[in-house]
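All remarks here apply to the structure that follows.
Since every read-out is calculated from the coordinates, none of them should be taken as a lab result. For clarity, every value in this text was computed on a predicted model and none was experimentally measured. Neighbour counts are summed over all protein chains in view; Cβ atoms, including those assigned to glycine, are modelled from backbone coordinates with ideal geometry.
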Amino acid sequence: MRFGIRTLDEASLRGKTVLCRVDINQPVDRETGTLKSINRIAACVPTIRELSDKGAKVVLLAHQGSDIEYKNFYTTKPHAAVLERLLRKPVQWIDDVCGPAAREKIKALKDGEILLLDNVRFVSEEQTLFEKKLRLTHEQQAKTLLVEKLAPLADLYVCDAFAAAHRDQPSLCGFEQVLPSYMGRLFEKEYCTVSQVMEAPERPCVFVLGGAKIADAFEMMNTVLERGVADRVLTGGLVSNIFLASQGKPVGQGSLDFIARSNYSEYIEKAAALYARFGSKIQLPEDLAWVEDGARREAALSQLPGDITALDIGSATADAYARVIQDAKTVFVNGPMGVFEKAETELGTKTVWQALAGTPGFTVLGGGDSITATEKYDLTEKMGYICTGGGALIRFLSGEELPVVKALRHGANIPESKVR
Ligand code: ADP
Ligand code: MG
């Protein structure tokens with residue numbers, strides 16, 4: 001038991017039918033039906049291997065995308081082939097989620113065999129919008145089609161989908177109401193790592209917050225400063241442009257227009273309020289970079305031309321941030337320092353990311369683009385911990401109770417049954 005949740009150390013698995021929820025949601029090329037990345041599939045391999053090696057009949061539940069944001073709503077068939085390759089074991093797959101065909105297939109599984117079901121979001125109750133349109137309690141989720149059809153076939157439920165731990169949906173929160181429940185190895189590692197940062201970080205603890213997801217960044221910054229988790233916050237990306245604007249510092253008219261166009265003007269006031277309370281801990285850039293005639297230009301704030309759009313922190317700022325990171329014991333990172341996708345505006349991110357790789361402190365990094373930057377600079381092996389969860393991680397660091405954590409704590413009290 002860790003944090004009130006059972007771990008796989010406590011599960012007796014041989015001969016048991018295990019429903020295991022994973023997050024193997026990946027970017028998909030729908031033209032060719034191929035996956036553009038497999039990092040999340042690789043991350044849950046240890047749990048699946050352990051369940052299979054210990055003789056469980058493993059039934060994998062997973063979602064793939066949504067068409068609301070990313071246009072990657074798709075079948076899980078390609079994932080089964082990737083899993084099979086990574087596990088070096090057969091992985092069965094069926095184009096059904098909880099209908100008669102899927103149920104027959106589950107009943108026919110032998111000890112150690114693995115079956116991946118199709119996209120759980122093909123069942124309407126699981127749809128992404130569902131949690132906003134129609135909120136169901138966890139007890140109500142236990143009465144949805146998915147849970148009613150599959151739970152009677154299973155002995156226990158394992159959740160390894162930390163990246164989806166902020167989702168309040170039947171495949172994630174319903175089964176814990178009726179089956180003895182456990183967290184998988186990946187969930188355990190991710191949840192314990194981020195809990196450690198939140199509850200007892202080694203100090204100094206530095207947060208590096210950049211990127212463009214302003215609502216998330218502000219919420220998280222407020223919580224970690226208010227609770228005294230962060231000793232210092234280094235700002236970059238759009239986050240720092242908004243803070244500079246809130247202090248009446250020059251950022252360039254292009255930057256102000258971009259903030260207004262992105263509907264982030266209200267955050268200028270929020271930044272002013274945060275800075276008034278915690279200004280001594282929030283570090284802002286002293287210089288900024290922009291692109292002119294296809295080349296990088298930089299200037300100290302006092303020298304900044306009036307009309308530019310700031311797309312990166314300047315090199316003096318990047319060096320100052322690198323020094324703070326070097327002396328930190330814990331560093332949490334979310335969001336790049338600038339538009340690192342372009343060569344002219346990657347210096348800030350590259351310098352800071354190299355400092356992250358070099359610091360003796362423990363680094364925790366999350367967020368899709370932050371991970372892309374890490375891969376671009378070939379620093380994956382040098383980071384302390386790379387979290388597969390973006391949304392879940394940010395919700396957690398914003399002080400919210402994750403629905404799946406709550407459900408798993410509930411499912412920890414359901415006693416294990418005998419082998420059926
Ligand atoms: P993550 O995916 O790591 O959580 P975000 O999605 O919040 O990070 O932000 C990443 C995006 O922010 C990148 O595409 C990057 O180009 C963009 N970005 C960074 N700095 C700026 C800036 N100053 N102005 C506009 N966009 C920026
Ligand atoms: Mg992103």
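A cut-off under 15 angstrom between Cβ atoms defines the neighbours of E104, and their net charge, with Lys, Arg +1 and Asp, Glu -1, is +2.
L86 to E266: FRET efficiency via 1/(1 + (r/R0)^6), r the Cβ-Cβ distance, R0 51 Å, to the nearest 0.05?
On the way: r = 45 Å, r/R0 = 0.88.
For R0 = 51 Å, the calculated efficiency reads 0.70.
Rounded to the nearest 5, what is the percent of antiparallel bridges among the DSSP beta bridges in segment 288-370? Bridges in segment 288-370 are about 60 percent antiparallel.
The calculated FRET efficiency for the pair F3 and S124, based on their C-beta separation and a Förster distance of 25 Å, comes to about 0.15. Pairs of Lys residues in segment 281-420 are counted when their Cα atoms are under 24 angstrom apart and they lie 8 or more places apart or on different chains; the count is 9.
Which of rounded, prolate or oblate describes segment 119-242 when judged by the alpha-carbon gyration tensor and an a/c cut-off of 1.5? Here segment 119-242 falls in the prolate category.
The alpha-carbon of K105 sits under 14 angstrom from the alpha-carbons of these aspartates and glutamates, leaving out residues fewer than 8 places away in its chain: D95, D96, E113, D118.
Rounded to the nearest 500, what is the 222 nm mean residue ellipticity of the chain from helices alone, with -39500 (n - 2.57) per DSSP H run of 4+ residues and division by all residues? Provide the component values of the computation, followed by the final result.
Details: 17 runs with 156 residues, N = 420.
Rounded to the nearest 500, it is -10500 deg cm²/dmol.
Here's the picture: a label point sits 7 Å out from the Cα of K77 along the beta-carbon direction, and within segment 22-58 the residues with their amide nitrogen under 12 Å of it are 33-34.
Using only side-chain charges placed at the Cβ, +1 for Lys and Arg and -1 for Asp and Glu, the dipole size of the chain relative to its Cα centre rounds to 1340 debye.
When you filter the trypsin sites (Lys or Arg not before Pro) in segment 25-97 for DSSP loop state and at most 12 other Cβ atoms inside 10 Å of their Cβ, you are left with R30, K36, K71, R88.
For the chain, the relative contact order comes to 17 percent (Cα pairs under 8 Å, sequence separation of at least 6).
Segment 104-179 and segment 41-85 have their alpha-carbon centroids 14 Å apart.
Judged by the mean number of other Cβ atoms found within 10 Å, the most tightly packed of the peptides 296-307, 114-125 leads the ranking 114-125, 296-307.
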